[in-house]
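**Student:** Pasting a structure here, questions to come.
The values are calculated or read from the model by the stated rules, or taken from the named source; none is laboratory data. This is a predicted model, so every value here is computed, not measured. So basically every Cβ, Gly included, is an ideal-geometry build from the backbone, and we count neighbours across all protein chains shown. SASA here: full protein model, heavy atoms, side chains in, ligands and nucleic acids out. Shrake-Rupley method; radii C 1.70, N 1.55, O 1.52, S 1.80 Å.
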Amino acid sequence: MNKIKFLREGIKNLRTTGTVTPSSRFLCQSMLKGIDFDKARIIIELGGGDGVVTRHILKKMHPEAKLLTFEVQANFCELLRKIEDDRLVVIEDSAEFIEQYLRQHGYEKADHIISAIPFVIFPKEVAGNIVKTCRDHLAPKGFFVQMHYSTILKSLYESIFPNVKTSFTPLNIPPAFVFHCSN
Ligand SMILES: C[S@@+](CC[C@H](N)C(=O)[O-])C[C@H]1O[C@@H](n2cnc3c(N)ncnc32)[C@H](O)[C@@H]1O
């Protein structure tokens, strides 16, 4: 999807998309920093959108690894399904159901969970429950990575994960923060 189309979808569905522009390559790089792609075999992406982060993950991912990408908007899922890569599974459902889909694909935990879900527009309890589900389904050395346009929810992540590292990416519209959370 080009930037204009993303902008149109973003405006139309702002309450679900949470942005009007896709993540820049600088933001994608920042989100994936520190992830050991040689070792990771099962990665979850939350809020795949038009697939910009998805493609970055696939480019780095091991040939035998799997990527489960959750996305609630049908039009974005259609685009994600056009990515021709057998390692990608597009899940047209909410991130709330991580456990169910992990099990369905034969896994108990994910090596890493990369999220662009706009939790700031979620009721706090719903956001907290999804983040707790992520924590509970993360492999021991795994990262839960979350991007946001502010640090407003940093305390939520700090209340759920013992380790939270924050980085800032100015080269994105709008500039963004990335939280690398681990157990
Ligand atoms: C900020 S966009 C990110 C798109 C893309 N990953 C990027 O970084 O440019 C957030 C995406 O999360 C999706 N989303 C919102 N709520 C969700 C949920 N509960 N489960 C899965 N995806 C969700 C939206 O539809 C939207 O595509």
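**Student:** List the pairs from 141/165; 33/141; 109/141; 59/154; 82/109 whose alpha-carbon separation is above 18 Å, in the order I gave them.
**Tutor:** Beyond 18 Å between Cα atoms: 59/154; 82/109.
**Student:** While we're on this one: Want the number for residue 29 to residue 62: 0.36 nm per residue separation, take away the alpha-carbon distance, what's left?
**Tutor:** Full-extension gain reported as 10.2 nm.
**Student:** Compute the signed sum of charges (Lys and Arg +1, Asp and Glu -1) over the other residues within less than 15 Å, Cβ to Cβ, of residue 177.
**Tutor:** For residues surrounding residue 177, the net value is +2.
**Student:** In nanometres, what is the gap between the two model label sites at residue 92 and residue 41, each 7 Å from Cα along Cα-to-Cβ?
**Tutor:** Output for this residue pair reads 3.1 nm.
**Student:** Report, to the nearest whole %, how much of the accessible area of segment 3-182 belongs to carbon and sulfur atoms, 1.4 Å probe, protein only.
**Tutor:** Of all accessible area on segment 3-182, carbon and sulfur atoms account for 54 percent.
**Student:** Which value does Rg/Rh take for segment 3-182 over its C-alpha atoms, Rh per Kirkwood?
**Tutor:** 0.92
**Student:** Find which of 162, 27, 67 sits farthest along the positive direction of the dipole of segment 26-183, computed with +1 on the beta-carbon of Lys and Arg, -1 on that of Asp and Glu, about the Cα centre.
**Tutor:** Of 162, 27, 67, it is 162.
**Student:** Let me ask you something else. On average, how much accessible surface per residue is there in the chain, in Å², for a 1.4 Å probe, leaving out ligands, DNA and RNA?
**Tutor:** Heavy-atom accessible area per residue stands at 51 Å².
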